[in-house]
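These notes are about the structure you will find just below.
The values are calculated or read from the model by the stated rules, or taken from the named source; none is laboratory data. Predicted model only: the values in this text are computed from it and were never measured. Backbone-built Cβ (ideal geometry, glycine too); neighbour counts: all protein chains shown.
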Amino acid sequence: MNPFEQEPFLPWEKTVLSTLIKEDENLDAYWKQWSKDWEYIWPNANYDESKAGNLPLPSILVNPETGKAITSPEEWPALRQIHLKNITKIFYGELPPLPEAQEFKTIWSKDVFEGTATERLISLTLHNKGKSHTATILAFIPKADHPVPAIVAMNFPGNHGCLDDKDVPLSTWRDQQTNRGSGKSRWDFRLLTDAGFAVFTCARYDFYPDDILGRKESVFRLFYDEKELTPQSRNLTAISAWAYGYSRIREMAAEFPEIDAKRIWAHGHSRLGKTALWTIANDPEWAGAISNCSGCEGAALSRRRYGELLEGVDHLLSWWTTPACKPYAENPALLPFDAHTIIAMAAPRPILVTSAKEDQWADPMGQFLAVKAAQEIYQFLGRPTLPSQDYPKLQELLMCPSLGYYERYGIHDVTDQDWTYTLRFIEQAEKYNAQ
Ligand code: GCU
């Protein structure tokens, strides 16, 4: 019986998708089946809270290997490692190793926003064993007489899609190119620099072109032979490649004299919101993270049958999960962790999780319940809990301040309101940490 005590929800045991990915030459058939399966899954998602199931969550403080709970903060680092190992194995796989060297070069820099900030185009190159891999970073840095905090946030459309600026070169992902400025509503760079924050962004495809063929062109190239980078190399996931990219950009930003290396925050939307959580779980140098509408395999609990299910991610977005995920995707009750444990990997560093009313696919309630359950570790490490345990009113930013959650009006997106709440959250969290 499946964990939700209903007939198996998804018919993919009958589909040929899993056999097709074993044969690279069957890719046309693969994509055809892929579209068919998506067309099935979207209209069949459950949005009835009474059918969500809400299976009980494992305690973050309990060692899943022994069933024993830790009783003092000194025991947390060892237990954290066990959780991290499980999350690596079942969800995202390992990040690539550090490159032998990394270097950056400013391609151009110019004054913007009435001279209050500079906009820069930077190439960041990683070198390993005679190979190199380059990502192009777009940065906005406010002028200040002191080092400023920074937000690192990868983008979907490519740098040229984030603004109208002909100096930013058009980038492509294979033959796919978005229009200049097509995604600019998500990027109010001026709002951020006016608030005193630098921003570093780059196309996610610079680190991993987001599909089943992406490995060959991804940053994994630096560490593996081409023949190892196939649709079957499922331990090498896009989410880990992006998380790795976030941290290489963080390291680069930390070298800028204008940036305060201790105040660099990871921000990501949707699949990049899943990535932001995984990024800071793997790299202790991040100040904190904002996981915007990240949903399934991100901040939403897998032990709920609401909106997108892990079973769907594992089946249709197989380059985001490892091969070990399947039995857990079919029966999430077996997972030794859940989204609250993933959030806990950041503790005690601050995490903000965001939802949108018209983004039920990402399961706002499942995200809130994960934040609520993650309080267990923050409290254990001496941090305050949320001021209320009830679901907050729409538009209300509930924060404690190491954990934050809100649901705003609107769709799956990044809006100026999201940036404003993000800044408010960071300000409060930094104030608390400075006490
Ligand atoms: C799809 C996918 C989500 C993902 C989203 C995105 O909707 O099902 O898991 O978060 O794409 O990244 O935009």
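Quick notes
- Enumeration of residues in the range 225-241 that are over 24 Å from Gly273 (Cα atoms) and in contact with a helix residue (DSSP H, G or I) (Cβ under 8 Å, 6 or more places away or on another chain): Glu226, Leu229, Thr230
- If you filter the range 223-236 down to residues that are touching a residue at least 24 places away in the same chain (Cβ under 8 Å) and in contact with an Asp or Glu (Cβ under 9 Å, 6 or more places away or on another chain), you find that the one that is surrounded by the most Cβ atoms within 10 Å (Cβ to Cβ) is Leu236.
- Test result for Glu75, out of contact with any helix residue (DSSP H, G or I) (no Cβ under 9 Å at 6 or more places or on another chain) and modelled with pLDDT under 90: no
- Among residues of the range 49-100, those that are within 30 Å of His127 (Cα to Cα) and in a helix (DSSP H, G or I), counted: 10
- In this entry, Tyr244 is excluded by the filter for residues that are at negative phi, hydroxyl-bearing (Ser, Thr, Tyr) and over 18 Å from the mean Cα position of the chain (by Cα).
Yes or no, residue by residue, for (1) farther than 24 Å from Trp278 by Cβ; (2) assigned to a strand (DSSP E or B); (3) β-branched (Val, Ile, Thr):
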| site | (1), (2), (3) |
| --- | --- |
| Asp111 | yes, yes, no |
| Leu126 | no, yes, no |
| Asp167 | yes, no, no |
| Gly181 | yes, no, no |
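- Filter pass, Glu285 being more than 10 Å from the ligand (Cβ to nearest atom), over 9 Å from the mean Cα position of the chain (by Cα) and at pLDDT below 95: no
- Residue match in the range 304-314 (condition: under 24 Å from Ser233 (Cα atoms) and among the aromatic types (Phe, Trp, Tyr)): no
- Residue ID - nearest to the ligand (Cβ to nearest atom), chosen from residues in the range 388-411 that are farther than 24 Å from Ala287 by Cα and of a type in the set (Phe, Trp, Tyr): Tyr409
One line per residue, one yes/no per condition, for (1) on the phi < 0 side of the Ramachandran plot; (2) within 20 Å of the chain's Cα centre (by Cα):
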| site | (1), (2) |
| --- | --- |
| Phe140 | yes, no |
| Pro147 | yes, no |
| Gly158 | no, yes |
| Asp167 | yes, no |
| Asp175 | yes, no |
| Gly183 | yes, yes |
| Phe197 | yes, no |
| Thr201 | yes, yes |
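- Helices (runs of 4 or more DSSP H) lying entirely in the range 295-387 (those with 2 or more residues that are without any contact (Cβ under 8 Å) to a residue 60 or more places away in the chain and either more than 19 Å from the chain's Cα centre (by Cα) or away from the ligand (no atom under 12 Å from the Cβ) (or both)): 326-330, 364-380
- So Ala289, is it surrounded by fewer than 24 Cβ atoms within 10 Å (Cβ to Cβ) and either part of a loop (DSSP other than H, G, I, E, B) or touching a residue at least 60 places away in the same chain (Cβ under 8 Å) (or both): no
- Matching entry among Asp165, Asp111, Asp145 (being away from the ligand (no atom under 16 Å from the Cβ), of a type in the set (D, E, K, R), surrounded by 13 or more Cβ atoms within 10 Å (Cβ to Cβ) and over 24 Å from Ala289 (Cα atoms)): Asp165
- Residue in the range 252-271 that is nearest to the ligand (Cβ to nearest atom), counting only those that are in a strand (DSSP E or B) and of a type in the set (A, V, I, L, M, F, W, C): Ala266
- Pair list, Cβ < 9 Å and 6+ apart or interchain, from the range 122-135 residues that are surrounded by 13 or more Cβ atoms within 10 Å (Cβ to Cβ) to residues that are outside any strand (DSSP E or B) and among the hydroxyl-bearing types (Ser, Thr, Tyr): His133/Ser218
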